1. Let me know the shape class of segment 1-129, please: from the alpha-carbon gyration tensor, a ≥ b ≥ c as square roots of the eigenvalues, rounded when a/c is under 1.5, otherwise prolate if a/b is greater than b/c, or oblate.
2. Go through LYS18/LYS46; LYS46/LYS144; LYS22/LYS46 and tell me which ones have a Cα-Cα distance over 32 Å in this structure.
3. Quick one: grab the alpha carbon gyration tensor of segment 1-70, order the square roots of its eigenvalues as a ≥ b ≥ c, and give me rounded if a/c is under 1.5, else prolate or oblate depending on whether a/b is larger than b/c.
4. Given contacts defined as C-alpha pairs under 8 Å and at least six residues apart, what's the relative contact order of segment 7-155, whole-number percent?
5. For PRO116, what is the net charge nearby, where nearby means another residue's Cβ is under 14 Å from its Cβ and Lys, Arg count +1, Asp, Glu -1?
6. Classify segment 34-92: rounded, prolate or oblate, from the alpha-carbon gyration tensor (a ≥ b ≥ c, eigenvalue square roots; a/c under 1.5 rounded; otherwise prolate if a/b is larger than b/c)?
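Please treat every number below as a calculation from the coordinates, not as lab data. Predicted model, so just to flag it, every value in this text is computed and none were measured. Virtual Cβ from ideal backbone geometry, glycine too; neighbours counted across all protein chains shown.
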Amino acid sequence: MSKINTMKIFVASSTAAKSQAKAFIKGCSRAGVDFLPWWDQFTAGKTLLDELTQIRNQIDRAIIILSPESDTKLRGRKQPIPNLNVLFEFGFFYGALRTLGPDNVAVVRYGQVYLPSDLGGYIHINGSKRFARGAAVKVGKQTKTEFERWLDAPKKAQAAALEAIYAKVTGSNLRSRETIQERGKS
């Protein structure tokens with residue numbers, strides 16, 4: 001796990017989207033966040049599952065950057081699909097990080113890419129409708145805002161949970177400082 005006040009985030013992408021992943025990291029960098037991109041984490045000669053398990057033990061969250069890699073025919077229509085290894089990494093980290101909370105993996109989509117409907121309920125951060133292999137689209141304000149919201153969501157959920165526990169234990173609402181007994185007197 002990460003040091004206190006530092007969140008470690010693994011960044012997965014295809015080789016074709018490596019420039020976009022670098023742009024995402026640069027555009028979304030902030031204090032208290034360390035990005036661990038795949039190209040700095042994998043070692044030649046090791047098996048993928050061993051590497052992913054080792055990475056899992058070092059991180060708090062994962063960002064999966066999806067981009068069109070190849071075309072396939074689905075239901076009679078040609079569709080651009082993401083790199084299958086990157087989809088595998090999404091599934092691995094979603095399952096591995098779920099014990100820390102359900103929203104620890106987010107997908108950032110660049111370009112028009114077909115995703116199975118089963119992936120619709122997961123966290124999506126809007127990247128861009130444009131994508132060029134080996135190039136990068138500027139990280140926009142919406143992408144940065146959604147990334148920040150994703151980062152801050154666990155803090156808000158934790159604060160709400162602590163507030164609920166406080167209210168249950170003390171009979172008091174932290175925000176209004178009004179006790180249940182005081183409400184009953186009016």
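1. Details: a/c = 1.64, a/b = 1.55, b/c = 1.05.
Verdict is prolate for segment 1-129.
2. Numbers: LYS18/LYS46 21 Å; LYS46/LYS144 34 Å; LYS22/LYS46 24 Å.
The pairs that break the limit, which is 32 Å between Cα atoms, are LYS46/LYS144.
3. Working: a/c = 2.30, a/b = 1.11, b/c = 2.07.
Judged from the Cα gyration tensor, segment 1-70 comes out oblate (a/c at least 1.5, b/c at or above a/b).
4. Working: 238 pairs, mean separation 39.3, N = 149.
For segment 7-155, the relative contact order is 26 percent.
5. Details: positive: ARG75, ARG109; negative: ASP118.
Taking every Cβ under 14 Å from that of PRO116, the sum is +1.
6. Details: a/c = 2.73, a/b = 2.19, b/c = 1.25.
Verdict is prolate for segment 34-92.
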